[in-house]
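Working notes, beginning with the structure itself.
The values are calculated or read from the model by the stated rules, or taken from the named source; none is laboratory data. Because the structure is a prediction, the values reported are computed rather than measured. Quick reminder, even Gly has a Cβ in these numbers, built from the backbone with ideal geometry, and neighbours come from all protein chains shown. Side chains included, ligands, DNA and RNA excluded: accessible areas come from the protein's heavy atoms. Shrake-Rupley method; radii C 1.70, N 1.55, O 1.52, S 1.80 Å.
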Amino acid sequence: MSKEPVAVTGIGQTKHVAARRDVSIAGLVREAARSALDDAELTWADIDAVVIGKAPDFFEGVMMPELYLADALGAVGKPMLRVHTAGSVGGSTALVAAGLVAARVHGTVLTLAFEKQSESNAMWGLSLPIPFQQPLLAGAGGFFAPHVRAYMRRSGAPDTIGSLVAYKDRRNALKNPCAHLHEHDITLEKVQASPMLWDPIRYSETCPSSDGACAMVLTDRAGAARAPRPPAWMLGGAMRSEPTLFAGKDFVSPQAGKDCAADVYRQAGIADPRRDIDAVEMYVPFSWYEPMWLENLGFAEEGEGWKLTESGVTELDGDLPVNMSGGVLSTNPIGASGMIRFAEAALQVRGQAGEHQVDGARKVLGHAYGGGSQFFSMWLVGSMPPDA
């Protein structure tokens with residue numbers, strides 16, 4: 001029996017900010033969930049199951065929060081699943097929910113991811129000791145900076161590429177009312193003059209700490225037929241993982257990322273991603289990861305990704321727009337950041353992305369990664385069902 005087609009009929013986000021002190025975690029997730037239900041014109045009673053995800057529980061210090069969030073999400077007496085795959089969790093949470101619909105276990109599923117970083121300290125929560133190394137790193141940037149350096153050395157990329165990405169994404173965020181950072185006076189010179197945190201990563205080339213949540217309603221073909229507006233259709237989705245450390249691991253372009261993208265393209269019938277995909281919402285917490293992931297995902301040959309950035313290909317009006325919403329560089333509620341990439345991809349193919357809409361977007365990739373460049377989740381969504 002073939003899989004049930006999966007449609008995205010409802011999308012909701014909170015306004016992402018540094019601190020939502022006006023709501024609890026329960027209030028935060030309910031806000032996003034209600035927004036998604038309103039978009040789909042559904043009620044809590046229409047939801048068969050809830051799939052929720054977030055980053056490590058020690059960030060907020062609330063262990064297994066899904067247990068107490070069931071009431072806020074209308075899940076009392078309904079199946080509720082928790083997903084965790086580090087920073088990629090928002091994407092993998094959506095994929096678990098999509099799997100339930102595709103397997104015909106449930107007809108309509110609410111999926112949601114969140115983080116309330118104001119009630120945590122992710123910087124030091126992520127400053128974990130690495131085996132057999134000096135305890136010198138501070139935060140995720142300290143872990144990833146050497147990999148960026150390796151990319152620069154391998155590709156010969158000039159040291160200005162990171163600032164070009166950050167300048168682009170922060171300008172895109174000005175067109176997205178949900179984005180956390182709205183820097184109206186942003187200039188390339190200001191990005192390049194910002195303090196160096198982890199050489200070569202500057203302050204303005206890093207993601208913020210955000211409070212926020214994102215939710216989607218996923219449904220089957222029958223549910224899509226009842227939707228108030230055309231849905232986004234899942235054309236392919238996959239997860240892959242690899243160890244943090246192993247002999248021969250390529251930190252610049254991890255094999256798990258390549259394998260994940262290849263599986264998605266196979267499912268969706270994509271022969272040439274550069275030609276067949278209209279735009280990408282990519283997980284870029286540090287600006288240099290845009291050219292690195294362009295290569296890892298097959299949009300550029302090895303060592304050539306930075307040239308796409310430098311030539312303007314990834315600009316909002318470019319040939320392959322990347323992070324039209326402002327991306328993780330402008331909004332980062334860690335547990336939700338991957339789902340925001342997936343949701344923004346769906347908004348694009350639904351034609352509902354507002355000022356950051358890409359004209360004629362028909363196939364858009366949503367991408368998330370987490371851990372030590374080891375957990376990957378991706379989906380490709382389209383404006384037409386997979387069997388159309």
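Given the conditions (1) in contact with a Leu (Cβ under 9 Å, 6 or more places away or on another chain); (2) crowded, with 19+ Cβ neighbours inside 10 Å, which single one is not true for Q267?
(2)
Evaluate the range 358-367: report whether one residue or more is surrounded by fewer than 24 Cβ atoms within 10 Å (Cβ to Cβ), under 26 Å from A157 (Cα atoms), at pLDDT 95 or above and of a type in the set (A, V, I, L, M, F, W, C). Let's see the steps before the verdict.
The first filter runs over the range 358-367 and keeps only residues surrounded by fewer than 24 Cβ atoms within 10 Å (Cβ to Cβ), leaving 358-363.
Then drop every residue that is not under 26 Å from A157 (Cα atoms), which leaves none.
No: the range 358-367 contains no residue that is surrounded by fewer than 24 Cβ atoms within 10 Å (Cβ to Cβ), under 26 Å from A157 (Cα atoms), at pLDDT 95 or above and of a type in the set (A, V, I, L, M, F, W, C).
Would it be correct to say that L329 is within 30 Å of R20 (Cα to Cα) and either assigned by the TED database to the domain that holds A150 or assigned to a strand (DSSP E or B) (or both)?
On the way: within 30 Å of R20 (Cα to Cα): yes; either assigned by the TED database to the domain that holds A150 or assigned to a strand (DSSP E or B) (or both): yes.
So L329 passes the test.
Out of (1) part of a helix (DSSP H, G or I); (2) closer than 24 Å to P285 by Cβ; (3) basic (K, R), what's the single condition that is false for R30?
In the conditions (1) part of a helix (DSSP H, G or I); (2) closer than 24 Å to P285 by Cβ; (3) basic (K, R), R30 misses (2) alone.
Given the conditions (1) touching a residue at least 60 places away in the same chain (Cβ under 8 Å); (2) closer than 30 Å to V105 by Cα; (3) in the same structural domain as K168 (by the TED database), and given that G269 satisfies all but one, which numbered condition is not satisfied?
The failed condition is (1).
Take the residues in the range 295-312 that are small (G, A, S) and part of a loop (DSSP other than H, G, I, E, B), then tell me which one is surrounded by the most Cβ atoms within 10 Å (Cβ to Cβ). Working first, answer last.
Restricting attention to the range 295-312, the residues satisfying the condition of being small (G, A, S) are 298, 300, 303, 305, 311-312.
Still in the running and part of a loop (DSSP other than H, G, I, E, B): 298, 300, 303, 311-312.
Working: G298: 17, A300: 22, G303: 15, S311: 11, G312: 13.
Among them, the one singled out is A300.
Could you count how many residues in the range 27-58 are farther than 18 Å from L218 by Cα and either open to solvent by 20 Å² or more (accessible area, probe 1.4 Å) or charged (D, E, K, R) (or both)?
First, the residues of the range 27-58 that are farther than 18 Å from L218 by Cα: 27-28, 54-58.
Filter once more, keeping what is either open to solvent by 20 Å² or more (accessible area, probe 1.4 Å) or charged (D, E, K, R) (or both): 27, 54, 56-58.
Final tally of qualifying residues: 5.
What pairs come out if I take residues in the range 338-359 that are assigned to a loop (DSSP other than H, G, I, E, B) and pair them with residues that are of a type in the set (D, E, K, R) and buried (at least 24 other Cβ atoms within 10 Å of the Cβ) whose C-beta lies under 8 Å away, six or more apart or interchain?
A353/E344
Within the range 243-264, track down each residue that is open to solvent by 40 Å² or more (accessible area, probe 1.4 Å) and charged (D, E, K, R).
First, the residues of the range 243-264 that are open to solvent by 40 Å² or more (accessible area, probe 1.4 Å): 243-248, 250-251, 255, 258-259, 262.
Hits for the range 243-264 are D250, K258, D259.
Have a look at C214, C207 and point out the one that is in contact with a Leu (Cβ under 6 Å, 6 or more places away or on another chain) and either crowded, with 22+ Cβ neighbours inside 10 Å or touching a residue at least 40 places away in the same chain (Cβ under 8 Å) (or both). Let's see the steps before the verdict.
Details: C214 fails: in contact with a Leu (Cβ under 6 Å, 6 or more places away or on another chain).
Sole residue among the options that is in contact with a Leu (Cβ under 6 Å, 6 or more places away or on another chain) and either crowded, with 22+ Cβ neighbours inside 10 Å or touching a residue at least 40 places away in the same chain (Cβ under 8 Å) (or both): C207.
Does D71 satisfy the condition of being of a type in the set (D, E) and either crowded, with 18+ Cβ neighbours inside 10 Å or under 23 Å from the mean Cα position of the chain (by Cα) (or both)? Even if it seems obvious, please write down each step before you answer.
On the way: of a type in the set (D, E): yes; either crowded, with 18+ Cβ neighbours inside 10 Å or under 23 Å from the mean Cα position of the chain (by Cα) (or both): no.
Criteria not met by D71.
Could you grab me the full set of residues in the range 79-101 that are over 16 Å from R240 (Cα atoms) and either open to solvent by 20 Å² or more (accessible area, probe 1.4 Å) or under 12 Å from the mean Cα position of the chain (by Cα) (or both)?
P79, M80, L81, R82, L100, listed by residue number.
Among the numbered criteria (1) open to solvent by less than 10 Å² (accessible area, probe 1.4 Å); (2) in contact with a helix residue (DSSP H, G or I) (Cβ under 9 Å, 6 or more places away or on another chain), which one does E315 miss?
(1)
Taking the condition open to solvent by 10 Å² or more (accessible area, probe 1.4 Å), under 19 Å from the mean Cα position of the chain (by Cα) and among the hydrophobic types (A, V, I, L, M, F, W, C), does L347 pass? Give the derivation first.
Details: open to solvent by 10 Å² or more (accessible area, probe 1.4 Å): yes; under 19 Å from the mean Cα position of the chain (by Cα): yes; among the hydrophobic types (A, V, I, L, M, F, W, C): yes.
When the stated conditions are applied, L347 passes them.
Of all residues in the range 38-72 being free of Cβ contacts under 8 Å to residues at least 60 places away in the same chain and part of a helix (DSSP H, G or I), which is nearest to V83 (Cα to Cα)?
Step one: filter the range 38-72 for residues free of Cβ contacts under 8 Å to residues at least 60 places away in the same chain, giving 38, 43-45, 57, 61-72.
Keeping just the survivors that are part of a helix (DSSP H, G or I) gives 38, 44-45, 57, 66-69.
On the way: D38: 24, W44: 21, A45: 23, D57: 12, E66: 10, L67: 13, Y68: 15, L69: 14 Å.
Filtering the range 38-72 for residues that are free of Cβ contacts under 8 Å to residues at least 60 places away in the same chain and part of a helix (DSSP H, G or I), the one nearest to V83 (Cα to Cα) comes out as E66.
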